[in-house]
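S.K.: Dropping a structure here in structure tokens format, bear with me for questions.
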Amino acid sequence: MKILIIEDDPSLREIMSRALKQEGYVVEMATTFAEADSKVAGYSYDCILLDIMLPDGNGLQLLEHIRKLGKRENVIIISARDSLEDKVYGLENGADDYLPKPFHTAELIARVRSVLRRGRTAGELALSIGNVVLRPDSRSVQVAGEPLVLLKKEFDILLYFMQRPHHMVDKAVLAEAVWGDYADDADNFQFVYAQIKNLRRRLSQAGATIEISAVYGFGYKLAEKEE
Amino acid sequence: MHLFSRIVRNLAAVLVLSMALWAMLFYYAMVDEIRDEADDSLEHYSSMIISRVLAGRELPQIGDGSNNSYTITPVSEQYAMQHSHLTYHDENFYIPEKGEEEPARVITSIFSDKDGQYYELRVAMPTFEKNDLFESIAIWIAILYFVLLVVVLVVSAFIFYRHMRPLYEMLKWLDSYQLGCKPQPIPVQTQITEFRKLGDALQRAIDRSEQLFERQSQFIGDASHELQTPLAIIGNRIEWLMNSSSLSPEAAAELYKVNQTLGRAVRLNKTLLLLSKIDNRQFPESVDVDIVGMVKECIESYGEVYESRDISFQQNLPQRHVVHINESLASTLVSNLIRNVYIHAPEGSVARVSIDAGVLTISNQGDAALDGDHVFDRFYKASKKHTSTGLGLALVAAICRLYNMPLDYSFQQGCHIFTVEL
């Protein structure tokens, strides 16, 4: 899997490439509009991460270029301007996803994985780790082929973890993702602990081979159980 | 005080003063003129009598129709020397024909005959009643005053409202003006130079403040954009560190705190961006949103998040209340108001939410009233809660401003009450 990062900030570029390389992707980088344009024209990639604010041009133009060249690359727009117009314009012009800055590494990887999976499986969006299969569209979970019924919040939490396996998820970030904006500044995270506890119990009762483990007391990580 | 009533009041006062002064002058001039005439005729009459006395001719009869009366008294030489030979004065004179005293003009002259005998001649002529004259002048002046006042008022009202219309149009325009709302041009359809100048000056001032406002929100927007990339870098580096297994638990805990603080910075920045987007009206698409559903969902969700605070809501909501609004802004509006209650209400208290006649009211107990003038300002913080950004209510106010929904805060019977007219 080859990924092109088009980003002018060297530090952010480095972090993104490091994280993606760690996930086993082959990463190439472009820092300017011109460089990106020539790379896109000359090579083909599985996924392009496109910062739309480049020093010598607008990333949205590059998107049009890519589509004009008839390329079928997956494009994720990365933007500091969390603006609806950019998002709508980008998605209408063939971008596959839109990731506003600042983002979490886990989020970036989840989006890349999701875009690549969508490309491969053409609509079949099942997430599968260990013996657990989760289908976001139908909001159903199966453990070892048997359906597992989860409450809404439990399902949302599991979905969030399944999209980011092996990555530590900050409980505040999880709270915001599942309970909505501003839930991350709650006085305490009792409500997260309670839901995680229930989810763990349900998973182990159903005999799942995955587990959610606490990391240092400030986050969680979903991984397959070590035998 | 209304400009017109002030003008009327001053006009009336000036009229009263000038009328009173004029009445006084008129009265004295009149009295003077009458007296002058009387004196002339008295002098004439008395010299006629004196010449007749001296010539030894017959004196006129009293009561011959002239109303004049006279007395001739011999006086000593000493008396004659001590008194002026010709004096006029007013006195009440007994008129025998009428049998009553009447005000009269009296001339006293002292003369001597050829024998050196001095006589004092007093001739009296009944004149007018000063009080009567004064009264009738006063009455007529009063009538004149009121007639004049009415005429002046009618005329000046006509002139005033005719010529001041541009001013009132401008005032109406100013009343309806809201900063950052792309105003209609100022109505200045007038030939009057002063109003044209005023209108132009107003337009310039408004343009300037619009420009400043735009620049300010542009600046906030730009600054927030520029911060996004560094924030992303810091966040990702921290995440990278936390994911690496070589971290000691102490270092990890420290790092987690750094991350939490960073989270606050990110949230603050996001909120500022949102605020500047609202101010720049970047939320065009409105849909029909059921506010009741949104409120219920919010209460349920935050109820779970803030479960430890044990706050319950007494809900008085209709089945549905649909408002045409941008969905994400509606959600921001409702969630900020509800979340405020969960954060600030005393633990274990009961808050209230209702939608009645299109007015969303959210109230909770509190210790003291907040500063009503500043409660919707950016970074206004009544409590020292570290988690609050101080921007929640500013966001609510910005959204209400965008949709022209009146927003109000009050403190009644120990309760903070926020109302939004949806």
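The values are calculated or read from the model by the stated rules, or taken from the named source; none is laboratory data. Everything quoted here is computed from the prediction, not taken from an experiment. For neighbour counting, all protein chains shown are included, and Cβ atoms are generated from backbone atoms with ideal geometry for every residue, glycine included. Quick note on the areas: whole protein, heavy atoms, side chains included, nothing else; ligands and nucleic acids left out. Shrake-Rupley method; radii C 1.70, N 1.55, O 1.52, S 1.80 Å.
S.K.: Quick one: the Cα spread of the range B:339-416 along its three principal axes, in angstroms, biggest first?
M.R.: 33, 29, 19
S.K.: Roughly how crowded by other chains is peptide B:293-304, in terms of the mean Cβ count from those chains within 10 Å of each of its Cβ atoms?
M.R.: Counting other chains' Cβ atoms within 10 Å and averaging over B:293-304 gives 2.
S.K.: Plugging the Kirkwood radius over Cα pairs into Stokes-Einstein for the range B:3-133, at a temperature of 37 °C and a viscosity of 0.692 mPa s, what D comes out in µm²/s?
M.R.: The estimated diffusion coefficient comes to 186 µm²/s.
S.K.: Hey, which aspartates and glutamates would be in cross-link range of B:Lys172, C-alpha to C-alpha under 19 Å, not counting anything within fewer than 8 residues on its own chain?
M.R.: In chain and number order, the partners are B:Glu194, B:Asp200, B:Asp207, B:Glu210.
S.K.: Another question about this same structure. Hey, any idea what Rg/Rh is for the range B:61-207, computing Rh the Kirkwood way over Cα pairs?
M.R.: On the way: Rg = 36.7 Å, Rh = 22.9 Å.
Result: Rg/Rh = 1.60.
S.K.: Going by average Cβ density within 10 Å per residue, which order do the peptides B:16-25, A:93-102, A:197-206 take, highest to lowest?
M.R.: Answer by packing, highest mean first, reads A:93-102, A:197-206, B:16-25.
S.K.: In debye, nearest 20: dipole of the protein assembly as shown around its Cα centre with unit charges on the Cβ of K, R (+) and D, E (-)?
M.R.: Here the size comes out at about 3900 debye.
S.K.: Taking the Cβ of B:Ala138 as the center, what net charge do the other residues with Cβ under 15 Å away carry, scoring Lys and Arg +1 and Asp and Glu -1?
M.R.: Residues close to B:Ala138 contribute a combined charge of -2.
S.K.: Which residue, B:Ser209, B:Asn364, B:Thr261, has the largest displacement toward the positive end of the dipole of the protein assembly as shown when charges sit on each Cβ (Lys, Arg +1; Asp, Glu -1)?
M.R.: B:Thr261
S.K.: Follow-up question, since we're still on this one. Can you give the convex hull volume per residue for the Cα atoms of the range A:95-178, as a whole number of Å³?
M.R.: 105
S.K.: Follow-up. Mind grabbing the accessible area of B:Ile143 for me, 1.4 Å probe, Å², rounded to tens?
M.R.: My reading of the accessible area for B:Ile143 is about 80 Å².
S.K.: What share of Cα pairs, in percent, lie more than 18 angstrom apart in the range A:125-169?
M.R.: When every Cα pair of the range A:125-169 is considered, 19 percent fall beyond 18 Å.
S.K.: Same structure, new question: Can you work out the accessible area per residue across the range B:3-133, with the rest of the protein chains kept in place, probe 1.4 Å, in square angstrom?
M.R.: On a per-residue basis, the range B:3-133 sits at 63 Å².
S.K.: Excluding B:Leu407 itself, calculate the net charge of residues whose Cβ lies under 11 Å from the Cβ of B:Leu407, where each Lys or Arg counts +1 and each Asp or Glu counts -1.
M.R.: Taking every Cβ under 11 Å from that of B:Leu407, the sum is -1.
S.K.: Cross-link candidates for A:Lys153: which lysines have Cα within less than 19 Å, leaving aside residues fewer than 8 places away along the same chain?
M.R.: Candidates past the 8-residue exclusion: A:Lys171, A:Lys197, A:Lys221, B:Lys296.
S.K.: Using the alpha carbons of the range B:180-321, what is the convex hull volume per residue in cubic angstrom, as a whole number?
M.R.: It comes to 222 Å³ per residue, whole-number rounded.
S.K.: Could you work out the Rg to Rh ratio of the range A:2-121, with Rh taken as the Kirkwood radius (inverse of the mean 1/r over all Cα pairs)?
M.R.: That ratio equals 0.91.
S.K.: Report relative contact order for the range A:128-226 in percent, whole number only (criteria: Cα-Cα under 8 Å, sequence separation at least 6).
M.R.: Relative contact order, the range A:128-226: 32 percent.
S.K.: Helix B:249-279 sits at what angle to the longest principal axis of chain B, using alpha carbons and giving 0 to 90 degrees rounded to 10?
M.R.: Value to nearest ten degrees: 40.
S.K.: Something else now. Is it possible to state the helix-based mean residue ellipticity at 222 nm for chain B, with each DSSP H run of 4+ residues giving -39500 (n - 2.57), the sum divided by total residues, to the nearest 500 deg cm²/dmol? What is it?
M.R.: -20000 deg cm²/dmol
S.K.: Something else now. Where Rh denotes the Kirkwood radius from the mean inverse Cα pair distance, what is Rg over Rh for chain A?
M.R.: Radius of gyration over Kirkwood radius for chain A works out to 1.00.
S.K.: Can you tell me, using C-alpha contacts under 8 Å and at least 6 residues apart, the relative contact order of chain B as a whole percent?
M.R.: Reported as a whole number, the value is 9 percent.
S.K.: How big, on average over all directions, is the shadow cast by the Cα convex hull of the protein assembly as shown, in nm²? Please list the in-between numbers first.
M.R.: Working: hull surface 217.0 nm².
One quarter of the hull surface, i.e. the mean projection, equals 54.2 nm².
S.K.: Counting residues in chain B as N, plug N into 2.2 N^0.38 Å and put the Cα Rg over that result.
M.R.: Compared with the compact-globule rule of thumb, chain B sits at 2.14.
S.K.: With every protein chain kept in place and ligands, DNA and RNA left out, what is the accessible area per residue of the range B:330-422? Probe 1.4 Å, answer in Å².
M.R.: That works out to 44 Å² per residue.
S.K.: Calculate the mean, over all residues of peptide B:305-317, of how many other protein chain Cβ atoms lie within 10 angstrom of the residue's Cβ.
M.R.: 3
S.K.: Also, quick follow-up: Ignoring ligands, DNA and RNA, what percent of the accessible area of the protein assembly as shown is carbon or sulfur (1.4 Å)? Show your work: numbers first, answer last.
M.R.: Numbers: 18330 of 34120 Å².
Ligands and nucleic acids excluded, carbon and sulfur give 54 percent.
S.K.: I've got another one for you. Run the reach check for B:Lys270 against lysines, Cα to Cα strictly under 19 Å, same-chain hits fewer than 8 apart removed. What comes back?
M.R.: A:Lys87, A:Lys101, B:Lys381
S.K.: OK, next. Return the value, in Å² to the nearest 100, of accessible area buried between chains B and A (probe 1.4 Å, both sides summed).
M.R.: Values: alone 26160 and 11650 Å², together 34120 Å².
The contact between A and B buries close to 3700 Å².
S.K.: Turning to a different aspect of this structure: Residue by residue through A:166-174, how many Cβ atoms from other chains fall within 10 Å of the Cβ on average?
M.R.: On the way: counts 1, 2, 3, 1, 8, 1, 4, 4, 0.
So the per-residue partner count for this stretch is 3.
S.K.: Also, quick follow-up: Helix B:291-305 versus the longest principal axis of chain B: what angle, 0 to 90°, nearest 10, using Cα atoms?
M.R.: Approximately 60 degrees, to the nearest 10.
S.K.: Jot down the radius of gyration and Dmax of the range B:287-421, Cα atoms only, both in angstrom.
M.R.: Reported Rg and Dmax, both Å: 13.9, 39.
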